[in-house]
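A.B. asks: Sending over a structure as structure tokens; questions will come in a sec.
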């Protein structure tokens, strides 16, 4: 997979075609002509973006450029905002998930999300993880559930730290641990895609490094989309990067290319710190 | 840009400014402290004055009567079923009256005195005894000691609440001479000197009004009224007892400030009460009947039981209606309702509803529940419905505030793991908001518990002699009982009212205590 990625260097933002992406890697999610409106105000303008499987796609751009809004389209979290309207097609497994008869609850069980601020439920560590499997009926027995909890915590690299205090409240953990708990919670419902909305912005560098290692680890199993303000983080964890500006997709491509050889002037200005 | 010299730390201007700021700071603290001090003072004065009054109603006086439960009197032929016996007030009262007449034969001399003697104990005071005997028929024909409450006015007299009284011990009486029946002359060397000087002092204060005051003199069970006196002798009219009791003792003199014509208890009644007390037949006991009796026209027999039960029944109806509706309404408004003009209008109106005077809700209840639906008057059901309407806005507002305080990140977290909207609300939002919601509910109920006006309008002020058992029985409520007792003229109602206020406050404090406990117990941080 790595090899296919490095081979296809020449993918432009505007002119990407299905064939080229398939050459790159199988696109887990294919976004076509997404427009997002908050009331009368348009926040996202006609964005088309393929998102490859088993890799990390970073969305970067200055504040208010619509990268979080776009991310929230992918699990239809924007539905919860009353004035928000999304048009365009988001194809996942051959289905347009924007279709009104797609159940957003089912979608969200397949597209997990991790938020900017760690937000564990005010419950025990165990219940934080077990909640999703419970409501989706993923565990037939108590043993199953225990196994899911352990596996999820292991994958999130938290098991060794919390295995002796699974009943203590999730909020009693440190910020970085809480965020890994949230990642474990997302993993527990067996998603295929994990969306991360600036997952490290509330954490210190040490905790950030742990999360980044974790993301790198998770990449082998999941399709990950991460919004980040940190260019270094995008460069470190992602294979592909998309640069958003004022609601438009300015440029996208392989991370190496975006950071070393951006095609667009605006991208270059942003990553070199001249604006934003 | 010009260079500005840095301001020096210490110069006159800076120091002056600092001093001013510190003074303003100190002033502000002083205002705050005095506001709190004032509030605390007002509260403690209020509580102290109610508590002080209520304390005198915490005990009352009962008189014991050794009687034989003569079947001819209490269970005559044809009226001897237990039901008849329990209602035979006249029969039991006759036992007490004849006992009193036997103890104080002088009362038979004139009708006025006979009536006054009977007034020592209220007729209806024998009802509990009648009930007890009807339940224990083997007692009929046996000797028994019946303890009944002393009439409220004499109870107040014994508690010192009727009038100010100057009491002093006189000197030794050396000779008692009976001038006429019940007229005696007491002599003793300087025995009345102290009393004389008291009268002189009082005369200086109030002038000749002192002559209208009764001066009673008692020794043992004997009491008389002093008609005239000098330092060594006094002319006394005997009220009760025998003159021989005075010889060679130091009698007690009582000057009662309020003249006999201005009080509800006559000198004669006081004399009898003192005599009963001297015989050890009067005892001061805890006023348990306040909690076990229902309302009565006689303060010494009245209790708040019916009102307590009525209040509880009313609160039950209110809780069953207002809490679920309030919680569901607030959950819908806060979590599910679309944000549009209609929702806004509903919200504004709920807030307005919270400010509607409670008496308006009473009018509404009278018109709708009584007039239109034809529900029974004076019933806890209707009271509960009206109070539910009254507390709904309070509960909705408090619940919405509690729901609003749940961080949106918890909702997002639940949705993101694939919980439905309902699941996110019922699994995550409501548990977190729960203590806040229940705080609001209990505070709303506490407000309802203290409401009087709406209950007056739906007839819950009716005199209720039976303890209500169901929500459709006639009932009254604690605040209404307070209102109706406080409008009674007799002095004895005053401490009784205070005592019921204390009971009501106990209920409120308990409810608020539960609120505090809930908050402590379930407060969550995130």
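A.B. asks: What do you reckon, is residue B:98 surrounded by fewer than 16 Cβ atoms within 10 Å (Cβ to Cβ) and not assigned by TED's automatic domain parsing to the domain that holds residue B:243?
C.D. replies: Numbers: surrounded by fewer than 16 Cβ atoms within 10 Å (Cβ to Cβ): yes; not assigned by TED's automatic domain parsing to the domain that holds residue B:243: yes.
Yes, satisfied.
A.B. asks: Right, something else. Consider residue B:54 against the criteria (1) surrounded by 11 or more Cβ atoms within 10 Å (Cβ to Cβ); (2) in a helix (DSSP H, G or I); (3) out of contact with any helix residue (DSSP H, G or I) (no Cβ under 6 Å at 6 or more places or on another chain): it satisfies all of them except one. Which criterion is unmet?
C.D. replies: The one condition residue B:54 does not meet is (3).
A.B. asks: On the given criteria, is residue A:182 under 18 Å from residue A:56 (Cβ atoms), more than 14 Å from chain B (Cβ to nearest Cβ), crowded, with 22+ Cβ neighbours inside 10 Å and under 15 Å from the mean Cα position of the chain (by Cα)? Even if it seems obvious, please write down each step before you answer.
C.D. replies: Working: under 18 Å from residue A:56 (Cβ atoms): yes; more than 14 Å from chain B (Cβ to nearest Cβ): no; crowded, with 22+ Cβ neighbours inside 10 Å: yes; under 15 Å from the mean Cα position of the chain (by Cα): yes.
Criteria not met by residue A:182.
A.B. asks: For the range B:347-365, name all the residues that are surrounded by 15 or more Cβ atoms within 10 Å (Cβ to Cβ) and within 30 Å of residue B:421 (Cβ to Cβ).
C.D. replies: B:347, B:350, B:353, B:354
A.B. asks: Looking only at the range B:18-31, decide whether some residue is out of contact with any strand residue (DSSP E or B) (no Cβ under 9 Å at 6 or more places or on another chain), part of a helix (DSSP H, G or I), surrounded by 11 or more Cβ atoms within 10 Å (Cβ to Cβ) and touching a residue at least 60 places away in the same chain (Cβ under 8 Å).
C.D. replies: no
A.B. asks: Consider residue B:168 carefully, then state whether it is outside any helix (DSSP H, G or I) and touching a helix residue (DSSP H, G or I) at 6+ places or on another chain (Cβ under 7 Å). Outline the logic, then answer.
C.D. replies: Details: outside any helix (DSSP H, G or I): yes; touching a helix residue (DSSP H, G or I) at 6+ places or on another chain (Cβ under 7 Å): yes.
So residue B:168 fits the description; yes.
A.B. asks: Looking at the structure I just gave you, is residue B:376 buried (at least 24 other Cβ atoms within 10 Å of the Cβ), away from every other protein chain (no Cβ under 12 Å) and farther than 26 Å from residue A:169 by Cβ? Spell out how you get there, then give the answer.
C.D. replies: Numbers: buried (at least 24 other Cβ atoms within 10 Å of the Cβ): no; away from every other protein chain (no Cβ under 12 Å): yes; farther than 26 Å from residue A:169 by Cβ: yes.
For residue B:376, the condition - buried (at least 24 other Cβ atoms within 10 Å of the Cβ), away from every other protein chain (no Cβ under 12 Å) and farther than 26 Å from residue A:169 by Cβ - is not met.
A.B. asks: When the range B:333-345 is examined, which residues are found to be part of a helix (DSSP H, G or I) and surrounded by 13 or more Cβ atoms within 10 Å (Cβ to Cβ)?
C.D. replies: Result: B:333, B:334, B:335, B:343.
A.B. asks: Exactly one condition in (1) touching a helix residue (DSSP H, G or I) at 6+ places or on another chain (Cβ under 9 Å); (2) at pLDDT 90 or above is not met by residue B:198; state its number.
C.D. replies: It is condition (1) that residue B:198 fails.
A.B. asks: If I filter the range B:505-521 for residues that are without any contact (Cβ under 8 Å) to a residue 60 or more places away in the chain and under 12 Å from the mean Cα position of the chain (by Cα), do I get at least one hit?
C.D. replies: So the first thing to find is which residues in the range B:505-521 are without any contact (Cβ under 8 Å) to a residue 60 or more places away in the chain, and the list is B:506, B:509-510, B:513, B:516-517, B:520.
Those left that are additionally under 12 Å from the mean Cα position of the chain (by Cα): B:506.
Within the range B:505-521, one or more residues are without any contact (Cβ under 8 Å) to a residue 60 or more places away in the chain and under 12 Å from the mean Cα position of the chain (by Cα).
A.B. asks: Got a number for residues in the range B:398-421 being surrounded by fewer than 21 Cβ atoms within 10 Å (Cβ to Cβ), touching a helix residue (DSSP H, G or I) at 6+ places or on another chain (Cβ under 6 Å) and more than 7 Å from chain A (Cβ to nearest Cβ)?
C.D. replies: First, the residues of the range B:398-421 that are surrounded by fewer than 21 Cβ atoms within 10 Å (Cβ to Cβ): B:401, B:404-405, B:407-412, B:420-421.
Restricting the remaining residues to those that are touching a helix residue (DSSP H, G or I) at 6+ places or on another chain (Cβ under 6 Å) gives B:410-411, B:420.
When the remaining residues are screened for being more than 7 Å from chain A (Cβ to nearest Cβ), the result is B:411.
So the answer is 1.
A.B. asks: Exactly one of these conditions fails for residue B:300: (1) in contact with a strand residue (DSSP E or B) (Cβ under 8 Å, 6 or more places away or on another chain); (2) closer than 30 Å to residue B:407 by Cα. Give me its number.
C.D. replies: Unmet condition: (2).
A.B. asks: A follow-up question, please. Give me the residue from the range A:153-171 that is farther than 20 Å from residue A:199 by Cα, touching a residue at least 40 places away in the same chain (Cβ under 8 Å) and away from chain B (no Cβ under 14 Å) and, out of that set, surrounded by the fewest Cβ atoms within 10 Å (Cβ to Cβ).
C.D. replies: Going through the qualifying residues, I end up with A:167.
A.B. asks: Can you tell me which residue in the range A:215-249 is farthest from residue A:112 (Cα to Cα), limited to those that are assigned to a strand (DSSP E or B) and within 11 Å of the chain's Cα centre (by Cα)? Even if it seems obvious, please write down each step before you answer.
C.D. replies: Here is the first cut: in the range A:215-249, the ones assigned to a strand (DSSP E or B) are A:223-227, A:240-245, A:248-249.
Narrowing further to those that are within 11 Å of the chain's Cα centre (by Cα): A:223-227.
On the way: A:223: 10, A:224: 10, A:225: 10, A:226: 12, A:227: 14 Å.
Residue satisfying both the conditions and the ranking: A:227.
A.B. asks: Surrounded by fewer than 23 Cβ atoms within 10 Å (Cβ to Cβ) and on the phi > 0 side of the Ramachandran plot: does that describe residue A:198? Steps first, please.
C.D. replies: Details: surrounded by fewer than 23 Cβ atoms within 10 Å (Cβ to Cβ): yes; on the phi > 0 side of the Ramachandran plot: yes.
So residue A:198 passes the test.
A.B. asks: Mind counting the residues in the range A:31-62 that are within 14 Å of chain B (Cβ to nearest Cβ) and loosely packed, with under 14 Cβ neighbours inside 10 Å?
C.D. replies: Of all residues in the range A:31-62, those within 14 Å of chain B (Cβ to nearest Cβ) come to A:38-39.
From what's left, loosely packed, with under 14 Cβ neighbours inside 10 Å: A:39.
Total satisfying the criteria: 1.
The values are calculated or read from the model by the stated rules, or taken from the named source; none is laboratory data. All values reported here derive from a predicted model rather than from experimental measurement. Cβ atoms come from the backbone with ideal geometry, glycine included; neighbour counts cover every protein chain shown.
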